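Here the structure comes first, spelled out in structure tokens, and everything after it is commentary.
The values are calculated or read from the model by the stated rules, or taken from the named source; none is laboratory data. What you see is a predicted model, and the numbers here were worked out from it, not measured in a lab. Quick reminder, even Gly has a Cβ in these numbers, built from the backbone with ideal geometry, and neighbours come from all protein chains shown. Ligands, DNA and RNA are stripped out before the accessible areas are found, and what is left, the full protein with its side chains, is counted by its heavy atoms. Shrake-Rupley method; radii C 1.70, N 1.55, O 1.52, S 1.80 Å.
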Amino acid sequence: MSSLLRRFHPQTLRVVALALVLALVIAFFSSQIDNYLSPRMFNRIATSAAVILPIAIGQAMVVMTRNIDLSVGSLVGIVAYLIGDFLGDVPLGPVPTLLLALALGAFCGAINGALVAYGRVPSIIATLGTLALFRTFLVEYSNAATITTDSLPKWVVDLPQATIFTVGTFEVRVMVVVSLVAAMIFGIALSRLRSARKFYAVGSNPDAAAMAGINSARVVFMAFVLSGVLAGLAGLIFLAKFGNITVVAGLGFELKSIAAVVVGGVNIFGGSGTILGVVLGTVLVDTIDNSLTRWALVSEFWREALLGILIMTAVAADTFMTRSFARMRRSTLQGVS
Amino acid sequence: MKQFFASWEGLLLVILVIVVATNAFTVDEFLTRQNQINLFQLSIEKIIVALAMTFIIISAEIDLSVASIMGLAACAFAILFHSGVPAGVAIVLCLLLGVAAGAFNAFWVAYVGIPSLVVTLAMLIGYRGFARVLLEDQGLGNFPDWFVRLGRDPFIGPFPLSLIVFVALLVGLSILLHRTGFGRQVFVIGNNAEVARYSGVKVARIRTILFIMSGFVSALAGLFYAGRLASVRGDAAFGFELDIITMVLLGGVSVFGGKGSMLGVLLSILIVLNLRNGMALENITGHIQTAVIGILLIGSVLGPNLIDNLRKRPA
């Protein structure tokens, strides 16, 4: 057993364990809820996860550099609202709107990045502050008005239903594919690009990274900009999915993204984590969240409590596994020498 | 004397004087006694928790779950009281609940070694979730008269009980932090926990005490909150941690631990309260107030960093 464990990288084992847990959860819920394993349920979970996934990936990038971004929720709200408002006056096509959303997200992310990387404000303080500032800006700008679907161009309203292809009754929605493609791009880039290794280096050991000639400030700045860009994408998906945007849009998304990231095996101390893990973590958290609302046994008010317990369990399991693997590797190595 | 004014506390004192003076000259009802007492009353729960949070942050930890513990204690009190439990017993049970919550946090941070940021972030969600489970979507009120008046009725002189509790905690905790061995150990742990451990400081035990204290004080504050609002919902005290942490950090307590003073926290509390009070009297919305506080928070860290950068730049 220990030789098997030694052969695989701990991260791989973590991802496999995560997939197993997901399978178990799905199996459990399918026994409790009727029509659980249907295309409709799949789409419901998939579209809901499609909003959170970009945010989770952005959060993972930031956490990898040993920081945290608590402002993503407010960022999503701002992008969703401002784009929705803008589209009401100037109807744009899908591509310009996407670019606008990404640019807006990048701008807000740059503010965070400047504060943390160059102002050397600890990320928890900086993003706690921008969380409040962004939300306040949104409230003041909107004057508590709501964006409604009748002011939005048709392609936005139709987007949630748009499918890429259909296999029988099984539909693959555009929004889901867009989210997954973004995840794949980041996943491949992180594991293959040499410059992407810098994110891991800065989070793993900032001093060593600096001595190796890595410009830590720029890396951290980029991480926050990317987090903003992805939150912008999520904001656009959010706008398309819900149509009606209030000033509390996106409230609490930062907690969900951290849950997804932590469950997905990204170490909160930075320096490790895989995008595949984040995808699985997002799907797991979202599956549990969506399934609980449909489970008659448990009232919807348990959602938040169970989410908190889930995160604690994931982090505790992660800590135990990491420690016991380290101990096992050390003991087998000692046995060999 | 000059040393005092060059320090963070000195800077805070100057800012406080500016804020109070601005309020006194531009806002009409500012200098009335009722307003001065109101100033504290509206935020009395937050400033009580801020005192306990100071210890936590000096020890290089953080407790993001305080607002959720406040809400949980308030909701628990409401449910218990409405189930027929006498108010006095309910109060004791809720305080014990706070202790239990703090102990739960402490276990994971001090003994398992999971970063406090993660644990208290998860429990911020968890305890808030339990509060919602208790109350679902109803609002409960109809508390006993004496309970509701705890924050209003004069207890000693013209000052209500909650204010007395705050002052007592302020004095007691200041002595604990700055004049006892325990307080010294908290600073040492914040500076370098490993060195503290090798020096014989019982790090895990002290961390446990601090988180339990934080849980207890949060529950106490939650009860005062329930009394002041006279009715409780599942989202009681939602988001309070932002203000609480801001007050502590603005007070010169380093987020990396090992540095800070109760005097600084007191001054920053007064600044935040006066700012909010002045803005409220000028009909500035709560959101902009929060934004101003947010800017103040970022500025309090950014400012010294920028000054450091300028100093380091070769002439």
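Near the amide H of B:V85, within less than 5 Å, lie no amide hydrogens of residues on another chain or at least 5 residues away, with H placed in the peptide plane. Over all projection directions, the Cα-based convex hull of chain A averages an area of 19.4 nm². Would you tally the net charge around B:G227, using a Cβ to Cβ cut-off of less than 11 Å, leaving B:G227 out, and scoring K and R as +1, D and E as -1? Overall, the nearby charge balance is 0. Take each residue of peptide A:110-123, count the partner chain Cβ atoms within 10 Å of its Cβ, and average: the result is 3.
Size descriptors for the stretch B:63-214 (Cα atoms only): Rg and Dmax, in that order, 18.2, 54 Å. Lys-Lys pairs in the protein assembly as shown that are eight or more residues apart or on separate chains and whose Cα atoms lie under 29 Å of each other come to 10.
Considering helices alone, the calculated mean residue ellipticity of chain B at 222 nm is -24000 deg cm²/dmol, with DSSP H runs of length four and up weighted by -39500 (n - 2.57) and normalised per residue.
Taking amide H atoms as placed 1.01 Å from N in the peptide plane, the amide H of A:R173 lies under 5 Å from those of A:I164, each 5 or more residues away in sequence or on another chain. Interface size, chains A and B: roughly 3500 Å² of accessible area buried, both sides included, 1.4 Å probe, rounded to the nearest 100. Each Cα pair under 8 Å and six or more residues apart adds its separation to the average, and for chain A the resulting relative contact order is 33 percent. Report the Rg/Rh value for the stretch A:48-157, based on alpha-carbon coordinates and the Kirkwood definition of Rh. Ratio value, two decimals: 1.00.
Assuming R0 = 35 Å, what is the FRET efficiency of B:T26 and B:L176, from their Cβ-Cβ distance, to the nearest 0.05? My answer for the efficiency is 0.35. Could you pull out every residue, at least 5 positions away or on a different chain, whose amide H is within less than 5 Å of the one on B:F155? Hs are placed 1.01 Å off N in the peptide plane, and Pro or chain starts have none. Here B:L161 satisfy the definition.
If one computes P(r) from the Cα atoms of the stretch B:201-251, what percent of pairs lie at distances over 15 Å? In whole percent, the share of Cα-Cα pairs in the stretch B:201-251 beyond 15 Å is 62. What Kirkwood hydrodynamic radius do you get for the stretch B:16-124 when you take the inverse of the mean 1/r over all pairs of distinct Cα atoms, in Å? Taking the inverse mean of 1/r over all distinct Cα pairs, the stretch B:16-124 comes out at 16.6 Å. In this calculation the C-beta distance from B:L306 to B:N38 is compared with R0 = 25 Å, giving a FRET efficiency of 0.10.
The residues of the stretch A:207-327 expose on average 37 square angstrom of accessible surface per residue, using a 1.4 Å probe on protein heavy atoms.
Given DSSP loops and a limit of at most 15 other Cβ atoms within 10 Å, what is the longest stretch of chain B that contains no such GluC sites (Glu not before Pro)? Counting at most 15 other Cβ atoms within 10 Å as exposed, the longest clean stretch of chain B is B:137-281.
For the residues of B:238-247, the average number of beta carbons from a partner chain within 10 Å of their own beta carbon is 2.
From the mean inverse distance of alpha carbon pairs (Kirkwood) and the Cα radius of gyration, derive Rg over Rh for the stretch B:146-242. With Rh from the inverse mean 1/r over Cα pairs, Rg/Rh is 1.10.
Just so you know, the Cα atoms of the stretch A:198-315 work out to an Rg and Dmax of 17.2, 57 Å. Membrane-span-like helices in chain A, defined here as complete DSSP H runs extending at least 24 Å along the helix axis by their C-alpha atoms with mean Kyte-Doolittle hydropathy no lower than 1.6, are A:10-32, A:174-192, A:216-242; this is a sequence and geometry rule, not a statement about a membrane. Computed across chain B, the Kirkwood radius stands at 20.3 Å (inverse of mean 1/r, all Cα pairs).
Which is the longest run of chain B containing none of the trypsin sites (Lys or Arg not before Pro) found in DSSP loop states (not H, G, I, E, B) with at most 14 other C-beta atoms within 10 Å? Segment B:1-151 is the longest.
Placing one equal scatterer on every Cα of the stretch A:244-304 and applying the Debye formula, the log10 ratio I(q)/I(0) at q = 0.15, 0.17, 0.23 Å⁻¹ is -0.57, -0.69, -0.95. Helices that extend 18 Å or more along their long axis by alpha-carbon positions and average at least -1.0 on the Kyte-Doolittle scale are, among the DSSP H runs of chain B, B:8-26, B:44-58, B:66-82, B:87-106, B:116-135, B:161-179, B:203-229, B:262-281, B:286-312.
What chain B shows is 43 Å² of accessible area per residue, with the surface traced by a 1.4 Å probe over protein heavy atoms.
Take the convex hull of the alpha carbons in the stretch A:118-258; its mean projected area over all directions comes to 11.4 nm². The mean number of Cβ atoms from other chains found within 10 Å of a Cβ in peptide A:306-318 is 5, as a whole number. Take the Kirkwood radius over Cα pairs of the stretch B:256-315, plug it into Stokes-Einstein at 10 °C and 1.306 mPa s, and you get 117 µm²/s for translational diffusion. Just so you know, the Cα atoms of the protein assembly as shown work out to an Rg and Dmax of 25.3, 82 Å. When the accessible area of the protein assembly as shown is computed with all protein chains present and a 1.4 Å probe, what percentage of it is carbon and sulfur? Percent of accessible area from carbon and sulfur atoms in the protein assembly as shown: 66.
Other residues within the sphere of radius under 12 Å centred on the Cβ of A:I55, judged by their own Cβ, net out at -2 (K and R +1, D and E -1).
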